[in-house]
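Structure record follows, encoded as structure tokens.
Any read-out appearing in this document is the output of simple, stated calculations on the displayed coordinates, not a laboratory observation. Computed from a predicted model, the values in this text were never measured in an experiment. Please note: Cβ atoms are built from the backbone with ideal geometry, for glycine as well, and neighbour counts cover all protein chains shown.
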Amino acid sequence: MPATQKPMRYGHTEGHTDVCFDDSGSFIVTCGSDGDVRIWEDLDDDDPKSINVGEKAFSCALKNGKLVTAVSNNTVQVYTFPEGVPDGILTRFTTNANHVVFNGDGTKIAAGSSDFLVKVVDVMDNSQQQTFRGHDAPVLSLSFDPKDIFLASSSCDGTVRVWNISDQACAISWPVLQKCNDVVNAKSLCRLAWQPGTGKLLAVPVEKSVKLYRRETWSNPFDLSDSSISQTLSIVTWSPCGQYLAAGTINGLIVVWNVETKDCMERVKHEKGYAICGLAWHPTCGRICYTDVEGNLGILENVCDLRGKVSTHKVSSRVEKDYNDLFDGDDTSSGGDFLNDNAVEIPPFSKGVMNDDDDDDDDLMLTADRLRRRSHVLGDDENSVDAPMLKTDLHKEEGEDDQAGSIHNLPLTKSQRLFYDGPMPTPRQKPFQSGSTPLHLSHRFMVWNSIGIIRCYNDDQDSAIDVEFHDTSIHHATHLSNTFNYTMGTLSHEAILLACESTDELASKLHCLHFSSWDSSKEWIVDMPQNEDIEAICLGQGWAAAATTALLLRLFTIGGVQKEVFSLPGPVVSMAGHGEQLCIVYHRGTGFDGDQCLGVQLLELGQKKNQVLHGDPLPLTRKSYLTWLGFSAEGTPCYVDSEGCVRMLNRGLGNTWTPVCNIREHCKGKSDHYWVVGIHENPQQLRCIPCKGSRFPPTLPRPAVAILSFKLPYCQTTTEKGQMEEQFWHSVLFHNYLDYLAKNGYDYEENIKNQAVKEQQELLMKMLALSCKLEREFRCVELASLMTPNAVNLAIKYASRSRKLILAQKLSDLAAEKAAELAEAQTEEEKEEDFRMKLNAGYSHTTTEWSQPRARNQVEEDTEDREETVPEEKPEPHNHGSNLLQNANSPDVPALKSGAVFSSSQGRVNPFKVLVNSKEPTVSMSSTRSTNILDNMNKSSRKSTPLIRPANNEKSPVIKPLVPKPKSKQTSAASYFQKRTSQADQSEEVKENPKNSSSETPAMCLQNSENQRPKTGFQMWLEENRSHILCDNPDFSDEADIIKEGMIRFRVLSAEERKAWTNKAKGEIASDGAEAKKRKHEMCEAENQEEATKENMDLSKKQKSSALSTNQKLSAFAFKQE
């Protein structure tokens, strides 16, 4: 039966580590470079007894209740076992003692030192000492002959010597090792060993083989080697029966031979390839403990056990690495930090008991398994050495199993080869609850999440559950009796949910404590059907879910009403809930070469039930498994794998998974881990518990929570460009939840989104500036495509100041495209909203409302007639009345020449109210809610604050170009840089196609922007000095040349002159504002308001036509000098 390798665990700090068993095999004793000796009851002992024996401990030996250690203070000390009470010093050296061993009956110890000496000391009387001199370098290791006649030693001088204890003479010396000057430089420790019982053979590890020397003749009858050994062997140990020999290499390979047949029985690879420096065989069974140079402790089970006992097969640690994270182990002999050997599903089978149902796949795997056990020879390739065997239920008849047993006993031949030598299936990960610790612990966490903690205590006196809330305002702490032996638990703001597995007498139960219920009955229990066990549970807002072994997911209300039941595509691994969201991870297939094959479903269980993820593959790091599944506090699904990679759902990229943190980068030691308990997006925090030398924390004392930062795995983050790119996408990813909340109708703080947008745009501007300096203009345009329209405006100014005119033009074109797309999308949305309003209105419209479309058409016809007959007169300068009218128009349609006036039973209407588009009915100004003049340019009209007083006030409203909300600013800025066309062309387009609103959008955006934008001092100076420039440069025909020359001359002016022009411009704006207010007041009181409005709009139309060409080009290239 192949050996089972348990996952290794932290034992000591990095450095040489030694291991041994006590006489009965009940305890494992280790010592390390931290100076501690630790006594372990088993590999999963989370609180081993620790004895500090010095600064460093190099070797330990245990016999007859005496623990002997070789420590760095040049002494060999003895302690009582298991009390650990010091019992004196046996001997001293002038330098470090490197190795210490007991003889067969435990009456003597032998110690070798770096001062070239070997000493044999009587344990009861340390005055009885023998010193062996002859080595010319530090002594590496020692071994007593079982008959106490000989003592073998190896040394850095390259020799292995056998000493006659009685006369302290050297019987034989073999120069078989490489020479070195110190133990730390030795390629091999050369831990030799005598065969137990008779002492017939002495095993010495030399290079890539083990040399066996016969007793007294000192001949070398044979060597043991194997093709899988690629590095030097360092240590050997015998089985208690003397039939098998185990050896460890400096690259982590453990090989076991049958000495009689000389066949290799086992090959096990260290999960990380560290050198094996300690090896001990259990005194009564096929169990080997081993340690490595990094201080880790590991165990091999069922080594060379051919009796067919219930066992799991050998799984390479390279594949089974760290499966002790899966929290469902029942076995107290499980290994690893907080895992057990049941971490992966490898159903055991026994020789005498087999089930009847079988299938073809089992036949195939049985054949492969039998051949593997028959040959005991693996292929030379890496997969054949390291890949695990998939153990399935071998449902065979008893007769067939007997046949397997007979095959097992056939002679072993090296010519036999594997039936299948390709990629091997990976054992399936067992289901677990996120935030829980292993089931076999007497004190464990059932869950630790962002709501609270559930602890479970199982001991001889009591079995109880304690519930603690982080926020005591939710609920007070609770103590529950665990009479049903609940093994799963979870916690929410509303309830506590517990579950247990079935027993012979009781069914699997789901128990809910609904503490937020307003009635007196706050508990309910549901029994599962027969032969159906709960494997995973979770809670959401108003619901609970349980996944069972029948591949069913059962939904319940928080009050206990059964809801939907649906089938899962595969065995569940874990579940998580948050609000209306339910996330399920399950096995969607069989993984190979250590990879798990998991799928994920994401469902929304609100009023409109929806499945977001339809069983998509769950990405995991190679050869890893899932360790935590949950949601951020804001509702974004996240998970963590065993390699420390944290991934988050990116809703902005088609629901893909983005890695946001690598926990391993924060760990100080190789054996340290972080145990995740929660994730927050605002503030951005990964909340973990640091675990020194373990994968999970103890329940007592209460562990402290650490906060880790997120970092996306972008390239070249040491450069300024890489840092800003990572920061930008980091900000985008961690604010996607705001869009999700808004889409689903949740409340959120608007200022958080505004701050995020501001931060992102600042990063984009910095990257654009960096690209400009590097002459990467194409990259600048790419960055600008990610900006908001307002940020593009700033980018254009920056490009102009940097004298990159081509870039400025490209950015202007981009801004125009953005504005056009925004206007088009806005128009479509407004049409859809208008259509919905009509449908919702039904037949409740009044006669006046249903007559509005007809009135609108009449106004449009009158408008078109007036546009065709406008007299070409020169308008008065600064006609602010017409400007304000134009500002009130939507950017989606051409400016109308008069306001639309309709009669109403409520009184007068707003003469300035005009149509939004040609298809939207005009709404009477008697409405209780007025509309922002800039709302027509953005989507947020229903959210923005009304900026115009209702028309039924005493005075008609004075429409001012008020400062809009940030969204309106962005839209207006984008419209400012749209491509310009002459006013005459616009008039012709209106005549030809008055209903084509999209074609006039750029022109209207231009009018609105320029009417709102005041003149600068440079513009006023250019108007007065244009004639001088043309006289000096008669060849200037292009307006751009005039502007460029004007800018050069304006810059030559003194600061006082430029400031005077700027003040002049400001003064004119102020006087214009006063004049505008006066004119508006007069218009409101006039009886012929409609006629005045038409005349003002005509004048404004002409003024715009005359000054449009100059202002267009000034807008693109001019900048304020204030």
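Descriptive notes on the structure:
- Full-stretch length increase - residue 821, residue 178 - with 0.36 nm per residue and alpha-carbon distance subtracted: 223.7 nm
- Cα principal axis extents for the stretch 505-552, largest first, Å: 35, 25, 10
- Protection proxy ranking of 670-680, 1051-1061, by the mean of other Cβ atoms within 10 Å over each peptide's residues and highest first, is 670-680, 1051-1061.
- Dipole magnitude of the stretch 501-582, debye to nearest 20 (Cβ charges: Lys/Arg +1, Asp/Glu -1, about Cα centre): 300 debye
- Long-range Cα-Cα pairs in the stretch 122-166 (distance over 14 Å), rounded percent: 54 percent
- Loop-located chymotrypsin sites (Phe, Trp or Tyr not before Pro) in the stretch 182-275 whose Cβ has at most 14 other Cβ within 10 Å (DSSP): 218
- At an R0 of 51 angstrom, the distance between the Cβ atoms of residue 133 and residue 52 translates into a FRET efficiency of 0.95.
- Sorted into 10 angstrom bins from 0, the C-alpha pair distances of the stretch 180-252 split as 20, 49, 27, 4 percent.
- Estimated at 0.36 nm per residue, the fully extended path between residue 45 and residue 749 surpasses their Cα-Cα distance by 248.5 nm.
- Close amide-amide hydrogen proximity is noted between residue 234 and 248, 249, 250, each under 5 Å apart and 5 or more residues distant or on a separate chain (H modeled in the peptide plane; Pro and chain starts excluded).
- In sequence order, the stretch 499-509 has phi-based couplings of 8, 9, 7, 7, 10, 5, 9, 10, 7, 5, 10 Hz under the Karplus curve 6.51 cos²θ - 1.76 cosθ + 1.60, θ = phi - 60°, and Gly or Pro positions carry x.
- Computed from phi, the 3J(HN,Hα) profile of the stretch 149-158 under the Karplus parametrisation 6.51, -1.76, 1.60 (θ = phi - 60°) reads 9, 10, 9, 9, 9, 10, 9, 5, 7, x Hz, with x in place of Gly and Pro.
- Dimensions of the stretch 416-564 along the principal axes, based on C-alpha atoms and rounded to the nearest Å, stand at 71, 36, 33, largest first.
- Summing Cβ point charges (Lys, Arg +1; Asp, Glu -1) relative to the Cα centre of the stretch 121-228 gives a dipole of roughly 320 debye.
- Selection of GluC sites (Glu not before Pro), the stretch 715-767, meeting DSSP coil and at most 14 other Cβ within 10 Å: 749
- Between residue 1037 and residue 457, the contour length at 0.36 nm per residue exceeds the Cα-Cα span by 199.7 nm.
- Among the trypsin sites (Lys or Arg not before Pro) in the stretch 435-543, those located in a DSSP loop and surrounded by at most 15 other Cβ atoms within 10 Å of their own Cβ are 522.
- About the Cα centre, charge dipole magnitude for the stretch 450-598 (Lys/Arg +1, Asp/Glu -1 at Cβ), debye: 480 debye
- Per-residue HN-Hα couplings for the stretch 664-676 [Karplus 6.51, -1.76, 1.60; θ = phi - 60°; Hz; x = Gly/Pro]: 4, 5, 8, 6, 7, x, 5, 9, 8, 9, 10, 9, 6
- Residues whose amide H lies under 5 Å from that of residue 623, counting only those 5 or more places away or on a different chain, are 595, 596; hydrogens are built 1.01 Å from N in the peptide plane.
- In this structure, the amide hydrogen of residue 588, modeled 1.01 Å from its nitrogen in the peptide plane, lies closer than 5 angstrom to those of 598, 599, counting only residues at least 5 positions away or on a different chain.
- Calculated P(r) tail over 15 Å for the stretch 656-702, as whole % of Cα pairs: 52 percent
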